[in-house]
Amino acid sequence: MGAVAGRRTNLALLVLVPAAGATGLLMYGIGSGWNAWATVAHGGAGLAVLAVSPWKTAISRRGLARRPPADTAPSVVLAVAVVATLATGLAHRAGAAGLGPLSVLQVHVAAGLAAVALTAWHAAARPVRPRAADLSRRAVLRGGLLAGGSLAVTAALPSAGRAPTRSLERGSFDPAAMPVTSWLDDDVPEVGEGWRLVVAGRPWSLADLDGLGADELVATLDCTGGWWADQAWSGVRLDRLLAASGAGQGGAVEVRSLTGYARRFPRSDAGRLLVATRAGGAPLSPGHGRPARLVAPGRRGFWWVKWLDEVRVGDRPWWWQPPAPLT
């Protein structure tokens, strides 16, 4: 019985750890709307891993006693990655913000990716083959109770003051208090007085943009760094700017930064996107995208391109890009 229970525990973890990774990536990339479902699924998978950990601990102790240290080192690293992922996930859920120069969420994501990769190695190095008996009525019932209980507990946890992604509120309606973050290796660029935003080949200065009249929008910036903020943004709606620039009929719009960072959107989204030059009635700060940034309501923060340089219109499908930028 012990061998059967151990094998089923390993099978459960082989499903749960990748499921936690996949739902975590969905949380990372999806904006408003059904992100709440990805959040509940991610938390449920994490709690289920925590629930089966006592059985896995017993299995691991037996394995460590039988094998030489060199053979067990990768498994120990996997265990450390899983523990770090669970610990930082619970810490973020409790409201913890930083671990030295890194945020708790950054450590959580890095440890989670390592855990998924090491789980794949573990499955290849020590394969556990499913058997027909693993789908017995008792096994299915236990699996259903584990999954349903974990999801129910996650859904019942209080979430006051949090976005559906479980981000924490930081600096709403106070741009100076809003954190300054950039995607991976982007740094705040120096922008000279001669800055122009080139839209479909036509250059626009800040004065030119102001001359089009201000569009105002209250939108939530939900950053993948684990925080969110509501701000009152003002600038020019992208569809108006494209029309004023004489843009063609391309089906996608690519928004580019001075840093080389870029994201592509469906042309149909242009009426919901704002080229913002102000937040809270004041010009943007350098860290928040001066002289102009994109406001993309309903999308995660990495879609909100800062330090705008160019807007291109083309026919390449908007989805023909990585789900999140790679650099």
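Which of the chymotrypsin sites (Phe, Trp or Tyr not before Pro) found in region 233-327 are in a DSSP loop and have at most 16 neighbouring Cβ atoms, other than their own, within 10 Å? Write down the numbers at each step before the final one.
On the way: sites: TRP233, TYR261, PHE302, TRP303, TRP304, TRP307, TRP318, TRP319, TRP320; in loops: TYR261, TRP304, TRP307, TRP318, TRP319, TRP320.
Those that pass, being in a loop and sparsely packed, are TRP319, TRP320.
For the pair GLU193 and ALA94, how long in nm is the line joining their label points, each one 7 Å along Cα→Cβ?
5.4
Testing the spin-label approximation: label points 7 Å from Cα along Cα→Cβ at ALA73 and ASP210. State their distance in nm.
Each label point is offset 7 Å from its Cα along the Cβ direction, giving 6.3 nm.
Set the Förster distance to 30 Å, then compute FRET efficiency between ALA232 and ARG162 from the Cβ-Cβ distance, nearest 0.05.
Working: r = 21 Å, r/R0 = 0.71.
Given R0 = 30 Å and the Cβ-Cβ separation, E is 0.90.
Please list, in order along region 195-204, the HN-Hα scalar couplings obtained from phi with the Karplus expression 6.51 cos²θ - 1.76 cosθ + 1.60 (θ = phi - 60°), rounded to whole Hz, x for Gly and Pro.
Couplings: 4, 9, 9, 8, 10, 6, x, 9, x, 10 Hz.
Give me the extension gain from PHE173 to ARG129: residue separation times 0.36 nm, minus the current Cα-Cα distance, reported in nm with one decimal.
Values: separation 44, 0.36 × 44 = 15.84 nm, distance 5.46 nm.
Once the chain is fully extended between PHE173 and ARG129, it gains 10.4 nm.
If the chain between ALA87 and ALA243 were fully stretched, how many nm would it gain, using 0.36 nm times the residue separation less the Cα-Cα distance?
Working: separation 156, 0.36 × 156 = 56.16 nm, distance 5.04 nm.
Computed gain between ALA87 and ALA243 is 51.1 nm.
Based on the Cβ-Cβ distance from ALA262 to ALA120, what FRET efficiency comes out when R0 is 25 Å, to the nearest 0.05?
Values: r = 31 Å, r/R0 = 1.24.
Using R0 = 25 Å, I get an efficiency of 0.20.
Estimate the FRET efficiency between ASP315 and TRP37 by the formula 1/(1 + (r/R0)^6), using the beta-carbon distance for r and 35 Å for R0, to the nearest 0.05.
Working: r = 33 Å, r/R0 = 0.94.
Here the calculated transfer efficiency is 0.60.
Could you go through region 260-266 in sequence order and give the Karplus-derived ³J(HN,Hα) for each residue, using 6.51 cos²θ - 1.76 cosθ + 1.60 with θ = phi - 60°, rounded to whole Hz, and x for Gly and Pro?
x, 5, 7, 9, 10, 10, x
Enter the accessible area of LYS306 (Å², nearest 10), with the probe set to 1.4 Å and all protein chains included.
Solvent-accessible area, nearest 10 Å²: 20 Å².
Taking all protein chains in place and a 1.4 Å probe, what share, in percent, of the accessible surface of region 147-295 do carbon and sulfur account for?
Numbers: 3560 of 6640 Å².
Exposed carbon and sulfur together represent 54 percent of the surface.
The values are calculated or read from the model by the stated rules, or taken from the named source; none is laboratory data. All values derive from a computational prediction rather than experimental measurement. Ideal geometry is used to build each Cβ from the backbone, glycine not excepted, and the neighbour counts take in all protein chains shown. All accessible areas refer to the heavy atoms of the entire protein, side chains included, with ligands and DNA or RNA removed. Shrake-Rupley method; radii C 1.70, N 1.55, O 1.52, S 1.80 Å.
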